[in-house]
Amino acid sequence: MKANQRNISIINDIDGNKIVIINDIRFKGKRAIEWNDVKEYLKDYVGDFYQIAETQDVVYIGKDLPDEYTGSNYTAALRGTNAKAKANAAQGIPEMLSIAKGKHFRKNKTSKHARDAKYGWFRYDSRFALPVYSADGELERYNVFHASMLIRHANDNKLYLYDVIDIKKETGNPLG
């Protein structure tokens, strides 16, 4: 299924903060996520760009995103709910970028990124929610997650989404 065939919405929680609701669990697995399927899905975004509402920054999707998103050390260490959350968050990348907040700059600390992140890194906070279904297929609730959108500031002076990291399930559920 193509990236443009998505069931996504943005709502406000009870505190007025935006959350991207991802209504379909497209990537699931009893034992492990099939990251190659996620990588193929992400390739549909390459060449697109999205604007972060809070800062008006334009963020591009480069050809390195599918490999980094699915093959990073962070992704390799994920298990269980957080792995499933990252895989399915791929569907909401445009909306997660649009509602991102809290822009923070970080210098480039490793020589391996001297070319692709010449001007350093930015991190933005975003939130998304995934449905939880009962054994009989009924919607029980939504699990809400926080994520950091890792953006590289490249030598062409553009911003590129590099990865989605630090995915954490929120404990108090603002969606009830």
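Filter the stretch 5-24 down to the residues that are assigned to a strand (DSSP E or B), of a type outside the set (A, V, I, L, M) and under 17 Å from the mean Cα position of the chain (by Cα), then identify the one that is surrounded by the fewest Cβ atoms within 10 Å (Cβ to Cβ). Even if it seems obvious, please write down each step before you answer.
Step one: filter the stretch 5-24 for residues assigned to a strand (DSSP E or B), giving 8-12, 18-22.
Right, trim to of a type outside the set (A, V, I, L, M) and you get 9, 12, 18.
Next, from what is left, pick out any that are under 17 Å from the mean Cα position of the chain (by Cα): 9, 18.
Details: 9: 13, 18: 18.
Within the stretch 5-24, the match that is surrounded by the fewest Cβ atoms within 10 Å (Cβ to Cβ) is 9.
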Worksheet entry | Selection from the stretch 144-156 of residues that are polar (S, T, N, Q) and at pLDDT 95 or above | 148
Worksheet, complete the sentence: Taking first residues from the stretch 105-130 that are farther than 29 Å from residue 20 by Cβ and second residues anywhere that are among the basic types (Lys, Arg) and at pLDDT 95 or above, the pairs with Cβ under 6 Å that are 6 or more apart or on different chains are none
Fill in: Number of positions in the stretch 53-69 that are under 16 Å from residue 38 (Cα atoms) and part of a loop (DSSP other than H, G, I, E, B)
4
Worksheet entry | Hits in the stretch 70-83 (condition: part of a loop (DSSP other than H, G, I, E, B) and touching a helix residue (DSSP H, G or I) at 6+ places or on another chain (Cβ under 8 Å)) | 78
Item to complete: Go through the residues of the stretch 73-88 one by one and say whether even a single one is touching a strand residue (DSSP E or B) at 6+ places or on another chain (Cβ under 8 Å), more than 16 Å from residue 164 (Cβ to Cβ), modelled with pLDDT of 95 or more and small (Gly, Ala, Ser).
Response: no
Discussion item. Could you go through the stretch 90-103 and let me know if any residue there is touching a residue at least 24 places away in the same chain (Cβ under 8 Å), closer than 23 Å to residue 170 by Cα and in a loop (DSSP other than H, G, I, E, B).
Written reply: yes
Practice prompt. For residue 97, state whether it is modelled with pLDDT of 95 or more, surrounded by 13 or more Cβ atoms within 10 Å (Cβ to Cβ) and not β-branched (Val, Ile, Thr).
Written response: yes
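The values are calculated or read from the model by the stated rules, or taken from the named source; none is laboratory data. Keep in mind it's a predicted model, so treat the numbers as computed, not measured. Every residue, glycine as well, gets a Cβ built from its backbone with ideal geometry; the counts of neighbours run over all protein chains shown.
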